[in-house]
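Chemist: Below: one structure in structure tokens.
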Amino acid sequence: MQAIKDKHLVKTHSYINGQWHKSHSTFAVTNPATSKIITTVDNAGIVEANLAVRSAKSALQSWSAMSAHQRATILRNWFNLMVEHQDDLARILTLEQGKPLAEAKGEIAYGASFVEWFAEEGKRVYGDTIAAPSADKRIVVLKQAIGVVAAITPWNFPNAMIARKAAAALAAGCTFVVRPSEQTPLSALAMAELAHRAGIPEGVFNVVVGEDAKAIGEVLTQHPDVAKFTFTGSTAVGKTLIGQCASTVKKVSMELGGNAPFIVFDDADIDAAVDGAIASKYRNAGQTCVCSNRIFVDESVLAQFTEKFSQAVAKLKLGNGLEQTTDVGPMISAQAVSKVEQLVKSSVDEGATVILGGKVEPVGSSFYQPTILANVSPEMPIATNEIFGPVAPIIAFRGEAEVIAMANNTPYGLAAYFYARDIGRIWRVAEALEYGMVGINEGIISNAAAPFGGMKQSGNGREGSKYGLDDYLEVKYLCMGGLAK
Ligand code: ADP
């Protein structure tokens, strides 16, 4: 904490209606690398959630009536401040979340890039005119801000998961209330401080931090003044929240769990595939929804890939994210480690082999070694569950048809990756994979210009890109009649 240059970025109260809001009790925020308490934060609940929605409702009229250009100028201020304070924001993020500082800086740049993108994209909301079926009518289509948006976000990307939603919502003319994960409230509050400095008017961007996710979630999903609800998190919680939104028929967008296949074909560039697998598997200690979850390797290149991959993974250094040499940080908690341990154990019981790692690191209960499992079959727990940890299960396959069937045999459909060189194969496989995003000879796919989102039980809606604004806009049809003389 001492190394943070701008101490005013460390906030410990919810940000509602442009003000820092005190609550009656507090909760602790812990550094997962050391298990030490970083600070305590005021514990907001139902009252504060309702207050935040009311503030967002009051601010809606004037914010949505502003020109897109005016909103863009303010959003750009916010972007500039995030870039200016990148180092401090990254340090706060690493302290509460654990990822290596270089990755945290990357996340701040990535989060800010959505603010920049939507500041620009907000100017490009186009309506339509449509030929009417009768001569005395005209059909005009407007796109308008949907209203108050409520969001719940996870701990794995404490900055970017908020930025992706808030930037699109604000650019479209909506006002916004977010409840970040109780494990990572400080990054969200630092964003609020910068939103304040950027001149985002009171009530437009609100952050409610509190431990009782369920109670706050019930307000955000059921309040009649919330027009749209957006969530990033697990499929199980997402389903509950969609159900809660039904009573007021809210528009919802959901970015839920994944079970990404990473396929290495026999014509792949094996070195490139190894690099891609490392990036997509071990980033954020394997705790991203687009992390490779099942690594399928054609049996003719299995030995070659496994050897090179093992050599590369063996070089990854596990440690505190604040240390420069760290490649892989701690997991978010000891419970998260236990879940991964259990998945590995039950898969080994069913015949999988640990060829690297496979243990909790002696330095601390939140550290799990970068691990590779061989002899995995698609039915094992490690392949059917979202691992959310630094474990790479390798599954052998024979031929395109078999691997496509195995890759699609899951209720999830977020990200998929494959490495191949044959152009015919690339098109066939890309079209056959039932996934919202497909990395082809590429292990890192996410950026502000591209539509991020899933199929099947991985969710609906898209974040980023020109499509990302649609989730925050209503289409309104004006029927202009009585034009005949
Ligand atoms: P993860 O495994 O990434 O923690 P979760 O779906 O459990 O995924 O959590 C994502 C976010 O949803 C977190 O901010 C968490 O606090 C919140 N959350 C969890 N359960 C509920 C719930 N019943 N209602 C509202 N929010 C919830």
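The values are calculated or read from the model by the stated rules, or taken from the named source; none is laboratory data. Quick caveat, the model's predicted, so the values are computed rather than measured. Don't worry about glycine lacking a Cβ; one is built from the backbone with ideal geometry, like all the others, and counts go over all protein chains shown.
Chemist: For segment 431-450, state whether one or more residues are more than 30 Å from Gly127 (Cβ to Cβ) and free of Cβ contacts under 8 Å to residues at least 12 places away in the same chain.
Modeler: Our first condition is that a residue be more than 30 Å from Gly127 (Cβ to Cβ); within segment 431-450, this holds for 431-435, 438-445.
Next cut, free of Cβ contacts under 8 Å to residues at least 12 places away in the same chain only: 431.
The answer is yes; a qualifying residue exists.
Chemist: Provide a single number: the residues in segment 1-16 that are assigned to a loop (DSSP other than H, G, I, E, B) and buried (at least 16 other Cβ atoms within 10 Å of the Cβ).
Modeler: 5
Chemist: Return the pairs, sorted by first residue and then second, in which the second residue is of a type in the set (D, E, K, R) and part of a loop (DSSP other than H, G, I, E, B), the first residue lies in segment 291-320 and is in contact (Cβ under 8 Å) with a residue 40 or more places away in the chain and within 14 Å of Ala277 (Cα to Cα), the beta carbons are less than 6 Å apart, and the residues are 6+ apart or on different chains.
Modeler: Listed pairs, sorted by first residue: Leu316/Asp327.
Chemist: Report, by residue number, each residue of segment 365-417 that is part of a loop (DSSP other than H, G, I, E, B), of a type in the set (A, V, I, L, M) and under 30 Å from Ser35 (Cα atoms).
Modeler: Matches in segment 365-417: Ile387 only.
Chemist: Of Asp225, Asp212, Asp269, Asp275, which residue is under 15 Å from Ala150 (Cα atoms), among the acidic types (Asp, Glu) and touching a residue at least 60 places away in the same chain (Cβ under 8 Å)?
Modeler: Asp225
Chemist: Another question, then. So how many residues does segment 288-305 have that are among the hydroxyl-bearing types (Ser, Thr, Tyr) and in contact with a helix residue (DSSP H, G or I) (Cβ under 9 Å, 6 or more places away or on another chain)?
Modeler: Residues of segment 288-305 that are among the hydroxyl-bearing types (Ser, Thr, Tyr), as a first pass: 288, 292, 300.
When the remaining residues are screened for being in contact with a helix residue (DSSP H, G or I) (Cβ under 9 Å, 6 or more places away or on another chain), the result is 288, 292.
Final tally of qualifying residues: 2.
Chemist: Of Glu442, Glu463, which residue is crowded, with 16+ Cβ neighbours inside 10 Å and within 20 Å of the chain's Cα centre (by Cα)? Step through it out loud before you land on a result.
Modeler: Details: Glu442 fails: crowded, with 16+ Cβ neighbours inside 10 Å.
Residue meeting the stated conditions: Glu463.
Chemist: Of all residues in segment 17-74, count the ones that are part of a strand (DSSP E or B), under 26 Å from Asn156 (Cα atoms) and of a type outside the set (Phe, Trp, Tyr). Before you say what the answer is, go through the steps one by one.
Modeler: First pass over segment 17-74, keeping only residues part of a strand (DSSP E or B): 19-21, 26-30, 37-42.
Right, trim to under 26 Å from Asn156 (Cα atoms) and you get 20-21, 26-30, 37-42.
Checking the rest, the ones that are also of a type outside the set (Phe, Trp, Tyr) come to 21, 26, 28-30, 37-42.
Counting residues in segment 17-74 that are part of a strand (DSSP E or B), under 26 Å from Asn156 (Cα atoms) and of a type outside the set (Phe, Trp, Tyr) gives 11.
Chemist: Of the numbered conditions (1) away from the ligand (no atom under 16 Å from the Cβ); (2) over 23 Å from the mean Cα position of the chain (by Cα); (3) not basic (Lys, Arg), Ser247 satisfies every one except a single condition; which is it?
Modeler: Result: Ser247 fails condition (1) only.
Chemist: While we're here: Could you tell me how many of the residues in segment 230-243 are closer than 20 Å to Leu189 by Cα and not small (Gly, Ala, Ser)?
Modeler: Just the residues of segment 230-243 that are closer than 20 Å to Leu189 by Cα, to begin with: 230-233.
Imposing the further condition that a residue be not small (Gly, Ala, Ser) reduces the set to 230-232.
Residues in segment 230-243 being closer than 20 Å to Leu189 by Cα and not small (Gly, Ala, Ser): 3 in total.
Chemist: Filter segment 193-218 down to residues that are of a type in the set (Gly, Ala, Ser) and within 16 Å of the ligand (Cβ to nearest atom) and give me whichever is farthest from the chain's Cα centre (by Cα). Step through it out loud before you land on a result.
Modeler: First, the residues of segment 193-218 that are of a type in the set (Gly, Ala, Ser): 195, 198-199, 203, 210, 213, 215, 217.
Filter again for within 16 Å of the ligand (Cβ to nearest atom), leaving 210, 213, 215, 217.
Working: Gly210: 20, Ala213: 18, Ala215: 22, Gly217: 18 Å.
Going through the qualifying residues, I end up with Ala215.
Chemist: crowded, with 19+ Cβ neighbours inside 10 Å, modelled with pLDDT of 95 or more and not small (Gly, Ala, Ser): which single residue out of Gln287, Gln335, Gln311 fits that description?
Modeler: Gln287
Chemist: Also, I was wondering about something else. Could you check how many residues of segment 46-91 are under 30 Å from Ser365 (Cβ atoms) and either touching a residue at least 60 places away in the same chain (Cβ under 8 Å) or in the same structural domain as Gly329 (by TED's automatic domain parsing) (or both)? Can you show your working first?
Modeler: As a first pass, look at segment 46-91 and keep what is under 30 Å from Ser365 (Cβ atoms): 87-91.
The next check asks that each one be either touching a residue at least 60 places away in the same chain (Cβ under 8 Å) or in the same structural domain as Gly329 (by TED's automatic domain parsing) (or both); those that pass are 87-89, 91.
The total comes to 4.
Chemist: Please give the strands (runs of 3 or more DSSP E) falling wholly within segment 75-187 in which 2 or more residues are of a type in the set (D, E, K, R) and away from the ligand (no atom under 16 Å from the Cβ).
Modeler: Working: elements: 128-130, 138-145, 148-152, 175-179.
Once the strands (runs of 3 or more DSSP E) in segment 75-187 are filtered for at least 2 residues that are of a type in the set (D, E, K, R) and away from the ligand (no atom under 16 Å from the Cβ), what remains is 138-145.
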